[in-house]
Amino acid sequence: MLINCVAYQDGRKLADVEVEDISDYVARGDCFVWVALRDGDVGELAKMQEEFGLHALAVEDASRGHQRPKIEEYGDSLFVVVKTVEQRPGGNGELVLGEVDVFVGPNYVLSNRQNSAHDLLGVRARAEREPHLLKQGPAFVLYAIMDAVVDRYFPVADAMETELEQIEERIFEQKSQRDNIERLYALKRKALVLRHAVVPLLDAVGKLHGGRVPSVCADSQEYFRDVHDHLHRINTTLDSIRDTISTAIQVHLSMVAIDEGEVNKKLAAGAAIFAVMTAFAGIWGMNFKYMPELEWRYGYPAALLLMVTVCCYLYRKFRKAGWL
């Protein structure tokens, strides 16, 4: 669906453009056209390919969707894929992945937003409020789109850190151990989802500043360096979250092992006490004719007293050792 189709000249809005007239404005050379689509279908992308002269392979990737974050060069134009990451409202914080495909040329920008609840109207409004920056042309628009998407990663990462802190506070609570481990694994999956959006884009944006930079972005390298810095910060946060989750899981497993050891010690102590009683009962239960205790009047109570005394002695020893 077409959202906007506007031509800009010297950083200011020139005119709203009909789709059929896009190629005329692109051919002028003194302005650029910025088109925004939402969930554009194959027919719309084919029409845009005709008006802008887009590369067939880039259009094919945009039509299929579900692309890995990347930046590809096609002559003097770029095809950029950026993943949007949003938390599903009203649920358990599950992350929803979307995608923004951006075609950038010397005098055009075409963005196609897919499966994303957050619009990019704020990006256009911001660019129009800064005509001195919008004068840089399509490169600044690409930066503004990428910056808006990347900035939305920060609240997601912050929410993960907050949730991890809450789990850490409860990690030593005996009753919450199973719930904690389930939440840790769910958090680990969410961190992995965000990481899959950040890391490939981090590598790709590195191509837009320093070294050989595509010509369309040559005059805006410092802006893409800023995006690269934001991505690096988010990636560092994700590494920290991942390490903390791994440590928390190891702590949980260690606590389980300790608990199992405590149970095993109690069982072993109980078995030892019971074994002593069994041994005495087995000896006196043997059917021999000549056993002095059998003829003694106080043999039976003495045997019971001895068994109780030995068991009490073992109990005190195990208790002192912390096994009971």
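No value in this document is a laboratory result; all are computed from the given coordinates. What you are looking at is a predicted structure, and each value in this text was computed from that prediction instead of being measured. Every residue, glycine as well, gets a Cβ built from its backbone with ideal geometry; the counts of neighbours run over all protein chains shown.
Structure notes:
- Screening R212 against (1) of a type outside the set (A, V, I, L, M, F, W, C); (2) within 18 Å of V80 (Cα to Cα); (3) in a helix (DSSP H, G or I) leaves a single unmet condition, (3).
- Flag for A139 being touching a Cys at 6+ places or on another chain (Cβ under 9 Å) and either surrounded by fewer than 22 Cβ atoms within 10 Å (Cβ to Cβ) or assigned to a helix (DSSP H, G or I) (or both): yes
- A Cβ distance below 8 Å, combined with a sequence gap of six or more or placement on separate chains, defines the contacts here; from segment 143-170, residues that are part of a loop (DSSP other than H, G, I, E, B) reach residues that are crowded, with 20+ Cβ neighbours inside 10 Å and among the hydrophobic types (A, V, I, L, M, F, W, C) in the pairs R152/V85.
- Qualifying residue in segment 110-125 (condition: under 30 Å from R242 (Cα atoms) and part of a strand (DSSP E or B)): yes
- Qualifying residue in segment 107-124 (condition: out of contact with any strand residue (DSSP E or B) (no Cβ under 8 Å at 6 or more places or on another chain), farther than 21 Å from Q87 by Cα and surrounded by 14 or more Cβ atoms within 10 Å (Cβ to Cβ)): no
- Scanning segment 102-141 for residues that are of a type in the set (A, V, I, L, M) and in contact with a helix residue (DSSP H, G or I) (Cβ under 7 Å, 6 or more places away or on another chain) gives V102, V104, V109, L110, L120, V123, A127, L133, L134, A139, V141.
- Test: A62 is touching a residue at least 12 places away in the same chain (Cβ under 8 Å) and not in a loop (DSSP other than H, G, I, E, B): yes
- Of the residues A148, A144, the single one that is out of contact with any Gly (no Cβ under 9 Å at 6 or more places or on another chain) and among the small types (G, A, S) is A144.
- Sole exception among (1) farther than 24 Å from Y74 by Cα; (2) in contact with a strand residue (DSSP E or B) (Cβ under 7 Å, 6 or more places away or on another chain); (3) among the hydrophobic types (A, V, I, L, M, F, W, C) for L201, by number: (1)
- Failed item, numbered, when R68 is tested on (1) surrounded by 15 or more Cβ atoms within 10 Å (Cβ to Cβ); (2) within 30 Å of E182 (Cβ to Cβ): (1)
- Hey, S220 surrounded by fewer than 19 Cβ atoms within 10 Å (Cβ to Cβ), within 30 Å of F32 (Cα to Cα) and among the hydroxyl-bearing types (S, T, Y) or not: no
- Given (1) assigned to a helix (DSSP H, G or I); (2) over 22 Å from M146 (Cβ atoms), index of the condition A15 fails: (1)
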